[in-house]
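Worksheet for the structure shown next.
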Amino acid sequence: MKQEELISTVVSPIGTMNVLSSSEVSKLQDTTQGGLYKLFRQCALAALNCDEHSDNPYKILEQHKDFDIRIIQEHRGLKLELINAPSDAFVDGKLIKGIRQNLFSVVRDILYVANEVSTDHKFDTNKSDDISNMVFHMLRHAKAFVPKVLPNLVVCWGGHSISDYEYKYTKRVGYQLGLRGYHICTGCGPGAMKGPMKGATIGHAKQRIGGSRFIGLTEPGIIAAESPNPIVNELIIMPDIEKRLEAFVRLGHGIVVFPGGPGTCEEILYILGILLHPKNQHIPFPLIFTGPTKAKEYFQQIDKFIGKTLGTEAQRRYKIIIENPPAVAKEMKQGLEEISKFRKQTGDAYHFNWLLTIDHEFQLPFEPTHEAMAALQLTKDQPTYLLAANLRRAMSGIVAGNVKEVGIQAIAQHGPFKLTGDPDLMADIDQLLQSFVEQYRMKLPGSHYEPCYKIMKK
């Protein structure tokens with residue numbers, strides 16, 4: 001990489017974060033095994049690298065191996081020194097404002113988890129309610145709550161590796177949502193995570209809506225491979241995938257699912273597993289699967305898989321709408337009106353879904369080691385919502401093997417993950433995953449994909 005493509009500079013924070021304690025500075029600069037420097041540098045690089053289209057964390061880190069970030073403590077406050085930062089993050093030598101905002105969100109969230117969450121004994125991770133409270137505190141610290149406002153935040157899920165026509169469709173849906181005054185929350189990356197935000201931007205502009213909220217929820221293992229897209233104006237880094245998923249369903253008021261790969265399938269299994277819990281059957285939650293005409297087969301495969309594994313009750317919890325963005329927005333509007341009435345009647349907060357029961361099995365962090373993947377209970381002789389939890393873990397492991405640094409390293413050392421279970425169930429999983437491979441939904445188009453999994457049968 002040419003030297004002129006790199007920039008070294010000092011930047012000041014946006015907002016209220018302007019001082020750090022000497023202890024906090026030491027933690028961020030600690031390069032030992034238990035220190036935060038590696039995580040801090042990796043997340044900061046992702047925030048700066050918002051125009052990167054690769055989903056390989058090794059490639060990104062290798063391209064910017066000379067990048068460094070240091071804390072400067074002055075009597076007037078905090079500054080960050082960037083060394084050999086990507087030039088695309090700058091205009092005329094100045095760091096783009098949105099990127100600067102996201103950069104300090106990285107500092108905020110990493111330090112909060114390290115100082116207040118990980119070391120605070122008031123959160124007992126063996127208790128489901130305590131984990132939900134932990135998620136609440138992290139979102140509140142990030143100022144993600146807007147109280148006393150009727151439900152208006154739509155979560156959009158979908159793959160980073162989608163075709164151009166699928167991407168354009170996500171923009172059309174986002175536009176229709178934006179025209180109706182809805183704000184967007186996604187996983188913050190490219191593809192189906194960027195398109196709805198881009199479309200909603202135009203919708204908001206036409207309706208002269210100010211204060212647009214484009215929330216990007218991510219976690220350290222994902223952000224290195226899926227840098228925040230440039231439209232995200234509220235970046236929030238949760239400590240792991242499970243708390244990220246809970247944040248989506250607690251903070252958002254309805255979900256639109258676009259085509260994707262195993263990561264999107266993981267999200268679908270997560271929300272369906274929650275909605276299938278006996279305590280949640282009376283709680284309204286709009287869930288829409290949508291895509292262009294060419295994606296019809298994709299959703300047929302997803303629907304068929306859900307029917308075979310989780311049953312017709314799960315299929316009743318969502319609606320599939322093909323090639324009709326206005327219908328998606330109208331269906332969501334109807335769903336959010338129902339949400340508003342329900343929360344008013346029950347006294348539940350508009351800004352955080354307290355009444356939703358999330359079983360502890362959906363909250364426990366899953367480390368996708370070879371042993372853990374092989375030990376997954378992929379059988380139908382268990383409650384449906386628990387089967388959804390284990391299927392979700394299987395997909396999470398495949399995501400790790402595809403794009404996360406730790407997963408890629410594990411596959412390189414020990415070979416593919418092995419999944420074992422009931423023959424019929426394993427055949428269904430194999431068929432679904434193979435369709436993702438054939439449709440280039442595992443990696444970005446043009447990338448060679450070597451499966452990180454192997455389907456075994458009992």
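For the range 306-374, the dipole from Cβ point charges (+1 on Lys and Arg, -1 on Asp and Glu) about the Cα centre works out to 480 debye, to the nearest 20. For the range 64-206, place one equal point scatterer on every Cα, skip the solvent, and apply the Debye formula. What is log10 of I(q)/I(0) at q = 0.13, 0.19 Å⁻¹? Here log10 of I(q) over I(0) equals -0.88, -1.22. The aspartates and glutamates within cross-link reach of residue 404, meaning a Cα-to-Cα straight distance under 14 Å and a gap of 8 or more places when in the same chain, are 55, 219, 226, 240, 367. Calculated mean residue ellipticity at 222 nm for the chain: -14000 deg cm²/dmol, from DSSP H runs with n ≥ 4 weighted as -39500 (n - 2.57), summed, divided by the residue count and rounded to 500.
Here residue 337 and residue 301 are evaluated by their C-beta separation; at R0 = 35 Å the FRET efficiency comes out at 0.65. The modelled label-to-label distance between residue 381 and residue 319, using points 7 Å beyond Cα along the C-beta direction, is 4.0 nm. The charge dipole of the chain, taken about the Cα centre with unit charges on the Cβ atoms of Lys, Arg (+1) and Asp, Glu (-1), comes to about 1440 debye, rounded to the nearest 20. Note on residue 308 and residue 435: the extension gain reaches 44.1 nm, defined as 0.36 nm multiplied by sequence separation minus the Cα-Cα distance.
Mean separation of Cα pairs under 8 Å and 6 or more residues apart, divided by the residue count, gives the range 353-458 a relative contact order of 29 percent. Listed by chain and number, the aspartates and glutamates whose alpha-carbon sits under 17 Å from that of residue 341, ignoring those within fewer than 8 places in the same chain, are 331.
Under 5 Å from the amide H of residue 349 lie the amide H atoms of 354, each residue being 5 or more positions distant or on a separate chain, with H modelled from the backbone and absent for Pro and chain starts.
Taking amide H as placed 1.01 Å from N in the peptide plane, residue 320 has its amide H under 5 Å from the amide H of 289, each at least 5 places away in sequence or on another chain. Accessible area per residue for the range 123-264 is 29 Å², calculated with a 1.4 Å probe on protein heavy atoms, without ligands, DNA or RNA.
Peptides 108-114, 172-178, 345-351 ranked from most to least packed by the mean count of surrounding Cβ atoms within 10 Å: 172-178, 108-114, 345-351. The accessible surface of the chain, taken with every protein chain in place and a 1.4 Å probe, is 50 percent carbon and sulfur. Rounded to the nearest Hz, the phi-derived 3J(HN,Hα) couplings of the range 108-116 under the Karplus curve 6.51 cos²θ - 1.76 cosθ + 1.60 (θ = phi - 60°) are 4, 6, 5, 5, 5, 5, 5, 8, 10, where x marks glycine and proline. Each Cα pair under 8 Å and six or more residues apart adds its separation to the average, and for the chain the resulting relative contact order is 16 percent. In the full protein context, the range 359-458 carries 46 Å² of accessible surface per residue, based on a 1.4 Å probe and ignoring ligands, DNA and RNA. Here's how it looks for residue 453: its modeled amide H is under 5 Å from those of 417, which are all 5 or more places away or on a different chain. Within the range 365-388, name every residue whose backbone N is under 19 Å away from a label modeled 7 Å from Cα of residue 427 along the Cβ vector. Of the residues in the range 365-388, 378-381 have backbone N under 19 Å from the label point off residue 427.
The values are calculated or read from the model by the stated rules, or taken from the named source; none is laboratory data. Please read all numbers here as calculations on a predicted model, not as lab measurements. Cβ: placed from backbone, ideal geometry, glycine included. Neighbour counts: every protein chain shown. The area values use the complete protein model at the heavy-atom level, side chains included, leaving out ligands, DNA and RNA. Shrake-Rupley method; radii C 1.70, N 1.55, O 1.52, S 1.80 Å.
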